[in-house]
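Below is one structure; the comments refer to it alone.
The values are calculated or read from the model by the stated rules, or taken from the named source; none is laboratory data. Because the structure is predicted, anything quoted here is derived from the model rather than measured. Using ideal geometry, Cβ is built from the backbone for each residue, glycine included, and neighbour counts are taken over all protein chains shown. All accessible areas refer to the heavy atoms of the entire protein, side chains included, with ligands and DNA or RNA removed. Shrake-Rupley method; radii C 1.70, N 1.55, O 1.52, S 1.80 Å.
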Amino acid sequence: MNGTPSGSATLRAPSARRSFARPISLVGRSAAMISIKSIASTVAPRQCTVMILGETGAGKEMVARYIHAESDRRDAPLIPVDCSALSDTLFESQMFGHVQGAFTGAVRESLGFVRAADGGTLFLDEVGELSLPLQAKLLRVIQERCVTPVGDTRAHEVDIRFIAATHRDLAKMVREGTFREDLFFRLNVVVTTLPPLRERAEDILPLANHFLQKQADLYDEPARRLSDAAAAALVRYSWPGNVRELANAMESAHVLAQGDVIELADLPMQLQSARPTPAGTPELCLSELERRTIAEALRRTDYCKAKASRMLGINIQRLNRRIERLNISTRHS
């Protein structure tokens, strides 16, 4: 190998003696999120490999971090690896590390991602982006649980839990010959799918309030709340960027809001102009959209107002006022 990758000579494990445990929560009250929480909690104490499927930005890494934080590996590192950024020429140095002097510019030893995760979890994000040659090298690590750094002759054993994620259809890639079947079966042990945010509208407002609280904590300020119009805009937006886009929107709104309440005008422009229904169908007014959202929350919670208020991210007093104003039935039909 000629030359050195930018930053590759300084790839080092995080301090192996400090605690990596952090409180991790999976925010959301949709049926999908309840199922994912259950699966994640069940597999966390096990050593099995987990595959998380879902669109980009849907929150796959957060699920991986939750599994790690709930496992007995919580005090060891979780090392995330963006597989889409790994090149064929630098893969071995980045993943397996190198010894000092292994190539020009290798001025110090590097552990690499795999050895940095020893005792903990290696999170392979977008694993479907790896080329076939790199898939073969990764497969060997998973099978043998050892790596040989570039420039070294000794194999180093590692104790790692693997969690992988992808937005691609790996089974289809196997049929097309672009993903190794043996690697697919190594990774595809416990599989969970994280639906896009547009398919779990019940999670939008709880997530929005969660991100607003994070911004408040960051700046040591009171948490801002959403106006009715702003909340309705969040619910009707399609969120092509998923949870990541929502987090960015709430950061922007927190910074731009002039008071304690986030108004519609404080939201990014694409949210302000979002339409609740596809082209060619009658547009819903805000009150009708709100009525349907609350009615659906009541239905999903078996008409328990306390549960519905938590699902919608509002207090029960506000929910009662809206139920009365919008003339929403609170009984089984």
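Among the residues of the stretch 136-181, which ones are in contact (Cβ under 8 Å) with a residue 40 or more places away in the chain and of a type in the set (V, I, T)?
V141, I142, V147, T148, V150, V158, I160, I163, T166, T178
So how many residues does the stretch 167-181 have that are open to solvent by 90 Å² or more (accessible area, probe 1.4 Å), under 15 Å from L134 (Cα atoms) and out of contact with any helix residue (DSSP H, G or I) (no Cβ under 7 Å at 6 or more places or on another chain)?
Residues that pass the stated criteria total 0.
For the list (1) under 26 Å from S71 (Cβ atoms); (2) in contact with a Phe, Trp or Tyr (Cβ under 7 Å, 6 or more places away or on another chain), I need the number of the one condition that E144 fails.
(2)
Restricting the stretch 50-94 to residues that are over 19 Å from the mean Cα position of the chain (by Cα) and of a type in the set (G, A, S), which is most open to solvent (accessible area, probe 1.4 Å)?
Step one: list which residues in the stretch 50-94 are over 19 Å from the mean Cα position of the chain (by Cα), which gives 72-73, 75-76, 86-94.
Imposing the further condition that a residue be of a type in the set (G, A, S) reduces the set to 76, 87, 93.
Working: A76: 18, S87: 42, S93: 0 Å².
For the stretch 50-94, the residue satisfying everything is S87.
If I filter the stretch 128-160 down to residues being part of a strand (DSSP E or B) and in contact with a Cys (Cβ under 8 Å, 6 or more places away or on another chain), which single residue comes out as nearest to S110 (Cα to Cα)?
Keep residues of the stretch 128-160 that are part of a strand (DSSP E or B), which gives 146-147, 150, 156-157.
Remaining after also requiring in contact with a Cys (Cβ under 8 Å, 6 or more places away or on another chain): 156-157.
Numbers: H156: 13, E157: 16 Å.
Among residues in the stretch 128-160 that are part of a strand (DSSP E or B) and in contact with a Cys (Cβ under 8 Å, 6 or more places away or on another chain), the one nearest to S110 (Cα to Cα) is H156.
How about the stretch 26-49: which of its residues are over 28 Å from D159 (Cβ atoms), open to solvent by less than 60 Å² (accessible area, probe 1.4 Å) and in a loop (DSSP other than H, G, I, E, B)?
Across the stretch 26-49, the qualifying residues are V27, G28, S30.
Filter the stretch 5-49 for residues that are at pLDDT 90 or above and among the charged types (D, E, K, R); which is nearest to the chain's Cα centre (by Cα)?
Per the stated criteria, the residue is K37.
What tally of residues in the stretch 182-198 results from selecting those that are open to solvent by 40 Å² or more (accessible area, probe 1.4 Å) and either in contact (Cβ under 8 Å) with a residue 40 or more places away in the chain or of a type in the set (D, E) (or both)?
Just the residues of the stretch 182-198 that are open to solvent by 40 Å² or more (accessible area, probe 1.4 Å), to begin with: 182, 185-186, 188-189, 191, 193, 198.
Cutting the leftovers down to either in contact (Cβ under 8 Å) with a residue 40 or more places away in the chain or of a type in the set (D, E) (or both) gives us 182, 186, 188-189, 191, 193, 198.
Looking only at that region, the number is 7.
Determine, yes or no, whether R198 is at pLDDT 95 or above, in a helix (DSSP H, G or I), closer than 29 Å to S41 by Cβ and not hydrophobic (A, V, I, L, M, F, W, C).
No; evaluated as a whole, the condition is false for this residue.
Just to be sure I understand, how many residues within the stretch 202-221 are touching a helix residue (DSSP H, G or I) at 6+ places or on another chain (Cβ under 6 Å) and aromatic (F, W, Y)?
So the count comes out to 1.
All but one of (1) in a strand (DSSP E or B); (2) exposed (fewer than 15 other Cβ atoms within 10 Å of the Cβ); (3) in contact with a Ser or Thr (Cβ under 9 Å, 6 or more places away or on another chain) hold for I163; state the number of the condition that does not hold.
Only one criterion is unmet by I163, namely (2).
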